[in-house]
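One structure is given here, and the rest of the page talks about it.
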Amino acid sequence: MVNFGKKLMADQVEEWKGYYINYKLMKKLLKQYVQQTQIGGKDCEQVLKEFSRILDDQIERIVLFLLQQQGHLSRRIEELGAQRAAIMQQVDTSRVFQLREDYRDVGRDLVKLLRFVDMNATGLRKILKKFDKRFGYKFTDYYVTTRSNHPYSQLQQVFKQVGIVAVAGALSRNLAYLEHEHRGSFLSIYDNPSVVLQDPIIDQVNHAVQKLTHATSFMQYLGQHALIVQDDTPSGSEDNVDDESYHFMSLMLNLVNTFLYMT
């Protein structure tokens, strides 16, 4: 099996290399933190706070770049939409063909962006897994829940992919319109969702979306539903913990471990 760090380096888009999760650095920091806690240089609370802050910085850089690229793709689709409206007023097969290729170019870049998010989501999951393993602490539960449930959550951009899926929908809709209008039909993908546009680029986009959804769905579920013991829990209240809550937490931790250690 190929080491993920090597795969990440090999599969990176060269011009985007500064925006991927720094997996090598995060692994190095984990090793340093283990050594520091062993010699008493840092306690676990310090490590938790420092590592969370560094991970926050990594995710922020990824998300801001993702939003920037989504904007670029959206503008390109908007410009092509204006061209499509003009072309449909006249019969020009060559221009229709070129416009279709321009849409497919956008689709190729969209696939690259979807893979970018997928690689970073996988890297994040693996780093969280390594932290849990090294420190014997359920950092994944703490980090994903606190970050995904915050009203200004950046992690949700990785989990939900609302913007990037909207771009995929716009691309698919416009390519379908171009195909149907050229044939004299006004059929919409929304009017008849069972009619699937047969296009290799759309197939690649759909596959990338499905892969990304699989990579992030369980962590999104954890962020929405995991229970966390709050800092202000009264002293001595552990003996009064409701059995149902206790068993639910145990179930959640078991499910998380199963998911994280699948890869």
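How far apart, in nanometres, would the label points at Gln89 and Asp203 be if each is projected 7 angstrom from Cα along the Cα-to-Cβ direction?
That separation, rounded to one decimal, is 3.6 nm.
Straight-line reach from Lys49: which lysines fall under 23 Å, measuring Cα to Cα and dropping same-chain residues less than 8 apart?
Of all the lysines, those that pass the test against Lys49 - Cα under 23 Å, at least 8 places apart if same chain - are Lys24, Lys27, Lys28, Lys31, Lys126, Lys129, Lys130, Lys133, Lys138.
With unit charges on the beta carbon (Lys/Arg positive, Asp/Glu negative), name the residue among Leu55, Gln32, Gln90 whose Cα is farthest towards the positive pole of the charge dipole of the stretch 1-93.
Result: Gln32, furthest along the dipole toward the positive end.
Calculate log10 I(q)/I(0) of the stretch 1-121 for q = 0.14, 0.20 Å⁻¹, where I(q) comes from the Debye formula with a single equal point scatterer on each Cα and nothing for solvent.
Normalising to I(0) and taking log10 leaves -0.75, -1.09.
Between Asp11 and Cys44, what length in nm is gained on full extension when 0.36 nm per residue of separation is reduced by their alpha carbon distance? Intermediate results must be reported in sequence, preceding the final value.
Working: separation 33, 0.36 × 33 = 11.88 nm, distance 3.42 nm.
Full extension of this stretch gives 8.5 nm more.
What distance in nm separates the simple spin-label points at Lys112 and Tyr137, each placed 7 Å from Cα in the Cβ direction?
Label at Lys112, label at Tyr137, 4.0 nm between them.
Applying 1/(1 + (r/R0)^6) with R0 = 30 Å to the Cβ-Cβ distance of Phe97 and Arg173, what FRET efficiency is obtained, to the nearest 0.05? If you can, show how the numbers build up before the last one.
Numbers: r = 19 Å, r/R0 = 0.64.
Given R0 = 30 Å and the Cβ-Cβ separation, E is 0.95.
What net charge is computed for the residues neighbouring Asp199, neighbours being all others with C-beta under 11 Å from the C-beta of Asp199, Lys and Arg scored +1, Asp and Glu -1? Let's see the in-between values first.
Working: positive: Arg100, Arg104; negative: Glu179, Asp203.
Cβ neighbours under 11 Å give a net charge of 0.
Quick one: if you take sqrt(5λ) for each eigenvalue of the C-alpha gyration tensor of the stretch 59-135, what semi-axes come out, biggest first, whole angstrom? Please list the in-between numbers first.
Values: eigenvalues 324, 28, 6 Å².
Square roots of five times the eigenvalues give 40, 12, 6 Å.
How large is the charge dipole for the stretch 91-149, taken about the Cα centre, if only the Cβ atoms of Lys, Arg (+1) and Asp, Glu (-1) carry charge, to the nearest 20 debye?
So the magnitude is around 560 debye.
Computed from the coordinates by the stated procedures, all read-outs in this text should not be read as laboratory data. Just so it is clear, the model here is predicted, and its values are computed rather than measured. Cβ atoms come from the backbone with ideal geometry, glycine included; neighbour counts cover every protein chain shown.
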